[in-house]
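Please read the structure below before turning to the comments.
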Amino acid sequence: MAAIYGVGFCSFSDNLSKRKLIKRRGNGSVDGVRSICSRREVGTVVKCSSPSKAAAPLESEGDGRRCVIKEEEGGEGDVMRFKMSDFKVLDRVSIGLGGRADEVVFEAIVKDSNSPLNNIKVVLRKLISTQAKRRGMRAIEVLKKLVRRKLMYHSYSMQVYGYISSPTSGRGSFTLVHGYHGSFSLRHWLQQSDWLPILEATLALDEESVRRVGDDTVGGPAVSRQLRITRILMRDLLIGVNYLHSHGLAHTELRLENVHISPVDRHIKVGILGNAADFYEDGPNSSTLDNNMDRRQMMIAFDMRCLGFMMAKMVLRELMDPLIFMKFKSFLMKGNDPSCLREFLLQILCSNSPSGNVGLQILDRNWGAGWNLLSLLLATKPSKRISCLDALRHPFLCGPRWRVAPSMDIIRWGLGSTAVRITEEYIYKQPQRNRLSYFIELMEMLNAHSRPKNWLELLPGKWRLLYCTGRQIGLTLRQPTARVLIGDVYLTINRASKLNTSLSFTSDIGFTVMNGRDWPHDKTGITGKLEVNSLFRLTSGRRLYLKEEKTSEKLSFGQPDNQDSLAQKLSAKKWRKLVPYKEFPSSLPVAKLVSGDIEVTMSLGDNLNHNDVTPSSIVQEIRVQVPPEMFDLSRLVCGTYVDSRLLVLRGVNGSALLFTRSMC
């Protein structure tokens, strides 16, 4: 196991300020100790008690400022003051305990027969700079707040036992004594090539342990095993962080390297809490209640965002690469909606393995519940981020044995996610088309943004066409003059001014004109783009459902009446409690679109070589393959569903066009 070995070992003396060379051995160990750098920081006063030993107040000066620990007789808490002679210092330090530049870390065994910690391995964290000492004193102060519920504190926090102090010549050395919970941090676990079986063995997964996350099996394919481990770790993290929040504290330093897994009680330890911050600066009963509530909400939101980053790295291990994670974080820092993360990450993550990307499969399970939880943890607005308790009730973190009543937002999310997954497959058979039409109809009935002002806020952006419920015509069974391969089709919507309801629609159709007769195997050719522009005015309207008798036109393609089919399914017990209609409605509110003039332009990347291929034949072929609403924008008559990631527009002939928000 990788470790840091102390070569030229030095005792805890105050002259430990010289730098020592760090060498990496072939077995993953590091020689020496880290270089030490001091920083100027304002000291704090921490009051703590020592039940077994009484001592004078410890004072340490650094850069002209003082840090004081006052010990009180008979006070609450289990903070103990140790002596260096109470320990047998080991000659190695586990790599997962790596400290900061202003810390020196040692492992030791307590050898005081009168101590309750006798023969127990602990960590001695010598704090050099004033800022480091402040962190250690803060950890002791937090201990006094949390120790009232010892069971929770011992289960979810890295236990702080006390400190070693040796004031000499006006400057004191401060060493924090805390629990040892394994050699690896969670980050080091995830960096191992065989992390999954080793972590399963460390957690000693059995039927009893998996029941804690609502599961009833162990083993299985890699996707199921990793999902199970993610649920166990995330639920433990959320319980531990919620324990801090319920005591008026925010962690502020939730990172994979600060989290350890104890092989003894198999719980997540969320660190020594040296940077934990209070929600209320002047106490919860101060006169500045509004400011305190804002501070509390912001600090909780910060912790939840950190948990979102940790969950993303646990599921999508590609994010352990600093370059990929930087792109991921940059996407969020630009203000993009986290609900569009899937569309963004599909372009970055490698999915060339035969079974696909495991992390994407985990997040796509259960109607895309993982993406929903991730978007709630990383929400752009702090007020929109999910709380620990709500996250523990989220379907992604609840196994199949637990019956979870999903909210309407999660139902909408699941319908949209499933529709997107179906469109990513080849749509050949009628059952798939009927299922997609059914999901789109349900989304329209559950649309939460029916007012024009909601549409004006959510519509602007770039949308990629996923599917059209109209006719599907390709190249396979035809012999057109121009062999045109359609690429991505985008609809870009801009709002000229916030003072009016005018919108500019731009349809961008990318295509390739393929040369030669070997086009089924060789897709190279001349690239081009067709652009259609039009101005629209958005008003409120209603979509009417007219009950008509079936005609031969409806049955010409062997399609059932979608309205009757949907009405039958909505009357079933499965949907009766979820859909806010007792019977199929006669109309639904929509955003009515009134178009103006249309302008069509086409550009080609090179000159055409074949005499029989002309620009007009290319345009004609594009019109055959592309939904008519994307070529003639005036055929778009209304919008029936919109949210931060999906859009449904209806054409004059009743066809529905499903779009997803694009980040490219």
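The values are calculated or read from the model by the stated rules, or taken from the named source; none is laboratory data. Just so we're clear, the structure is a prediction, and the values are computed from it rather than from any experiment. Neighbour counts are summed over all protein chains in view; Cβ atoms, including those assigned to glycine, are modelled from backbone coordinates with ideal geometry. With ligands, DNA and RNA removed, areas are computed over all heavy atoms of the protein, side chains included. Shrake-Rupley method; radii C 1.70, N 1.55, O 1.52, S 1.80 Å.
Data table
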quantity	calculated
Region 185-289: C-alpha gyration tensor shape, a/c 1.5 cut-off, then a/b vs b/c	prolate
Gain upon complete extension [MET320, SER586; 0.36 nm per residue less C-alpha separation]	90.6 nm
Length released on extending from MET293 to ILE109, taking residue separation times 0.36 nm less the Cα-Cα span	61.8 nm
Gyration tensor (alpha-carbon) shape descriptor, region 397-465, a/c threshold 1.5	oblate
Net +/- balance of residues flanking LEU608 in space, Cβ distance below 14 Å, scoring K and R +1, D and E -1	-2
Förster radius 25 Å - calculated FRET efficiency between THR539 and ASP597 (Cβ-Cβ, nearest 0.05)	0.85
Theoretical FRET efficiency, 1/(1+(r/R0)^6), r = Cβ-Cβ of LEU392 and GLN479, R0 51 Å, to 0.05	0.30
Peptides 500-506, 232-238, 379-385 ordered by average Cβ neighbours within 10 Å, highest first	232-238, 500-506, 379-385
Vicinal HN-Hα couplings computed from phi for region 324-331 (Karplus, 6.51 cos²θ - 1.76 cosθ + 1.60; Hz; Gly/Pro x)	5, 5, 5, 5, 4, 5, 5, 4
Extended-chain gain in nm, criterion 0.36 nm per residue less alpha-carbon gap, THR524 and GLU457	20.1 nm
Shape of region 112-270, Cα gyration tensor, a/c cut at 1.5	prolate
Fraction of accessible area attributable to carbon and sulfur, region 143-280 (%, probe 1.4 Å)	52 percent
Cβ-Cβ FRET estimate between ASP612 and GLN472, R0 fixed at 22 Å, reported to 0.05	0.25
Accessible area per residue, Å², region 131-264 with all protein chains present, probe 1.4 Å	35 Å²
5 angstrom amide H check on VAL613, placed H, neighbours 5+ away	none
Region 129-143 - phi-based ³J(HN,Hα) in whole Hz, Karplus 6.51/-1.76/1.60, Gly and Pro as x	7, 5, 5, 5, 5, 4, 4, x, 5, 5, 4, 6, 5, 5, 4
Carbon plus sulfur fraction of accessible area for region 294-411, probe 1.4 Å, in percent	55 percent
